[in-house]
Amino acid sequence: MESVTAARDFLKGNEALAYGALKTGLNAFFGYPITPSSEIPETLAAEYGNPQYPGFKVFLQAASEIEAINMVIGAAATGAKVMAATSGPGFSLKQEGISYAAAMELPMVIVDVNRGGPGLGNLGPEQTDYFQATKGGGHGGYRNIVLAPSSVPEMAAFPALAFSLAFKYRSPVIILTDAFLGQLKEDLMFPEVPAQEFDTSWATTGARGPERHILSSMHLDLPELSRHSEHLRSKFEGIDRAEQRSEKFQTDDADVVLVAYGICARLAQRAVGMLREKGIRAGLLRPITLSPFPRGELAALVERGVQNFIVVELNTGQMVDDVRLATGGRARIASMQRVGGLLPSPLDIVHQVEAMSR
Amino acid sequence: MIGAEGHYEVKLGPLPTLTGKPTHYCAGCEHGTLTRLIASALHELGVRERTVLVDSVGCSVLAHEYLNTDAIQAPHGRAPAVMTGIKRMRPDLLVFAVQGDGDAVSIGLSELIYAANRGEPITIFLVNNGIYGMTGGQMAPTTPAGMITMTTPHGRDIATTGPPLDASKLLATLEAPAYVKRVLLPVTPTPSADFYNARGSMEGARSVRNAFRVQEKGGFSFVEFVSTCNVNWKMSILQSKHYATEVLAKVFPPGLFKDKFGVEKG
Amino acid sequence: MKIETILAGHGGQGVLELANWLAYFYLVKGRHVAYTPSYGPETRGGKVKCYVVCSDELIDSPIVEDPDILVVMNTPSMDFVPLLKARGTLVVNSSLVKDSRRRADVEVVEVPATEIAGGLRAYSPEKGKDTVIAANSVMFGACLAVSGESLRDELDLIREVFGHFLTGRKAAYIPLNVKAVEEGFEHVSRARSAEPSRTSSVPHPGIAP
């Protein structure tokens, strides 16, 4: 049999993400160790200086999560492709920095490997940072773009997508993954990514004659701040129109649609197969962008006549709110929740769907 | 000086490194002096087009309104980290910040120490007036014992709050920094109080130039300017100059703590 | 073709390494693979339980609930036997696990892996004769036999797998590990030809996508 997967790599999610970033031309990484994300800075530290990645100019372990995000701000201000990676507690610490970055319209990629929380929590996988990532997270009114990979190949591919969105819209982009995907190993082949060059004419790299660039989030004049915030809002409205991403699995004739992202989407997909074998017409909608949320696809499903949605997530009910908003009260929405790092098995999901069908 | 042209030769005129906008600083504040010293040094060195100013949070937050260079704002206390990010990506740029004592020694102490400890080739000017200015006069890490502030209405009690922190001395204990200096910037009253000497400004001008030179040589440079805040000290401008000379400068004596490249000699 | 495997034992037995080898073997053979290391409440107290899925198609769930193959390296891990699919295969290190015939509807493949490894004088370089190593490589050979692989054709591939994981100073142990694989494989092949009625060498097709 001809090998369909010749020359594929076998990497864990965190490693795949690090290599994905390197291959798309990462310039700088500023990190702080926190389980379960530490393989990302460790991989990058090991590859620093590798002539295969000539663009990778700066690797620095900061003294704190806060120091790291502020280093990211500085490097991003020069127009560089900059990334940081952390887990929940560190993501909390970075929120002020992300607020500043959003206000100054700085492109950057921040990875959150969601672990158990709140507080110190544990090292198991959760999806409890959903609110924090998608509803702003930091102070002030702004929205991040949030991507949710659900496989090791996506962990490898998403840095390139994240940087292209970050620079297209001059916005921080969050890659929200979890402790399970970070450690899962799968086969993958790195996509051929054309070298991306972005417009960085706004960068602060020294005045040119009378013209100078100021990156500031301070607008003391009230109408001026109002205009700036309205600009950020309309920018996000454009992102919302153009960048919703999701994947549908057997939804065309489905009576009940599961909605899940990340590792839950993989388990839900198996559950769909198992349900179909039992004669239940189930389907799966997998959001790929959590922000902008794929409201369009959800609304279309409702339009087509889907009456039942079951949201499967590793929290006590976060994405389900967005599903309720998107379906506008025109369908039954149920919420299947697991926390503490526990995962629902595909059979658990099957039983839940069956129970709800009765 | 407005209206002075007829009687005096105007020496301190416009500079390409100044926007020319009148500053918002209070009368009697050394921020204005420092702004001028920085603009002069940048102009002399001819580096305007490769300079990036990092705004901190405090009275210096509007620095980019007066200094005519590229600028980026840092969150409160984080300027040393933001500067690190810029300089690591673009070692060819001249990167500096003006920070207040709250920004650099309170919320930003960790960022300050680590940037200094890594020997980042950046420049930090600390305006130390022993109080939080912008937010209305609360206690700062550098507030002297017994001083009355908005959060120490009976005077700073060392038993509860600890003694004031000496940033220059702290940084001087580190191996990496190349230039650490403390200057008493305000005009100091002579005993008769009929005359003031501006030695501080001369020393300040020299220190600012040296600090930039040290950065160009690849070293971390830090100059602490002991200054005044007559508004929040609730003193007259004259009283505040006395207080800086007689009290603050005793808690924070001027001096050269580190000069790895010997720029003070040359 | 899809094979779902659960591997269980305790820390120090090389269960995670074994799972990695299996996954990589199938990756080099051109299959999609997913390896899930131990996680969750089942792994408290030094227990190890991990999953390997290999498939011609893209894999949905990396978590295995009803495996085709269950590899057991210690007695407490026999607790997972109820999970095995009917007509699935239990591969057990019979040097350490005595009572392995608990279900009539599954194939039980007993492999005295620790004894076989001991016979190869595979001892820990640090701890000496008290600690046998490469028992997991013996089990690797057993798993390959159970999955219907042909040793003769796959010896190069097995060397490639070990070459990927045993690097630097560990590379010196590759020949020993390959030998251990061969021994494990041969043991199972002999056992099966002796008891043909107990064999079920065709992997379960699994759930169609």
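The values are calculated or read from the model by the stated rules, or taken from the named source; none is laboratory data. Owing to the predicted nature of the structure, the values given are computational and were not obtained by experimental measurement. For neighbour counting, all protein chains shown are included, and Cβ atoms are generated from backbone atoms with ideal geometry for every residue, glycine included.
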Among (1) touching a Lys or Arg at 6+ places or on another chain (Cβ under 9 Å); (2) within 14 Å of chain C (Cβ to nearest Cβ), where does residue A:301 come up short? (2)
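What number of residues in the range B:153-173 are more than 18 Å from the chain's Cα centre (by Cα) and either among the small types (Gly, Ala, Ser) or under 25 Å from residue B:113 (Cβ atoms) (or both)?
9
Of the residues B:127, B:95, which is aliphatic (A, V, I, L, M) and facing another protein chain (nearest Cβ under 10 Å)?
B:95
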Those residues of the range A:325-358 which are part of a helix (DSSP H, G or I) and touching a Phe, Trp or Tyr at 6+ places or on another chain (Cβ under 9 Å), in sequence order: A:325, A:326, A:327
Residue C:61 meets each of (1) in a loop (DSSP other than H, G, I, E, B); (2) crowded, with 24+ Cβ neighbours inside 10 Å; (3) touching an Asp or Glu at 6+ places or on another chain (Cβ under 8 Å) with one exception, condition (3)
Sole residue being modelled with pLDDT of 95 or more, touching a Lys or Arg at 6+ places or on another chain (Cβ under 8 Å) and crowded, with 18+ Cβ neighbours inside 10 Å, chosen from B:51, B:35, B:69: B:69
Quick one: count up the residues across the range A:86-140 that are of a type in the set (D, E, K, R), closer than 23 Å to residue A:26 by Cα and in contact with a helix residue (DSSP H, G or I) (Cβ under 7 Å, 6 or more places away or on another chain). 2
Out of everything in the range B:127-186 that is under 15 Å from residue B:251 (Cα atoms) and touching a Cys at 6+ places or on another chain (Cβ under 7 Å), what residue ends up being surrounded by the most Cβ atoms within 10 Å (Cβ to Cβ)? B:129
If a residue must be facing chain B (nearest Cβ under 9 Å) and not acidic (Asp, Glu), how many such residues does the range A:26-67 contain? 10
Among the residues of the range A:91-105, which ones are crowded, with 24+ Cβ neighbours inside 10 Å and touching a Ser or Thr at 6+ places or on another chain (Cβ under 8 Å)? A:94, A:100, A:102
What are the residues in the range A:182-198 that are out of contact with any Leu (no Cβ under 9 Å at 6 or more places or on another chain) and either at pLDDT 95 or above or surrounded by 24 or more Cβ atoms within 10 Å (Cβ to Cβ) (or both), if any? A:183, A:184
Quick test of your reading of the structure: residue A:87 fulfils all but one of (1) touching an Asp or Glu at 6+ places or on another chain (Cβ under 9 Å); (2) buried (at least 24 other Cβ atoms within 10 Å of the Cβ); (3) within 14 Å of chain B (Cβ to nearest Cβ); (4) hydroxyl-bearing (Ser, Thr, Tyr). Name the failing condition by number. (3)
In the set C:59, C:6, which member is farther than 21 Å from residue C:134 by Cβ, under 13 Å from the mean Cα position of the chain (by Cα) and modelled with pLDDT of 90 or more? C:6
Applying the selection to the range A:198-237, what residues are touching a Phe, Trp or Tyr at 6+ places or on another chain (Cβ under 9 Å), assigned to a loop (DSSP other than H, G, I, E, B) and more than 9 Å from chain B (Cβ to nearest Cβ)? A:198, A:199, A:200
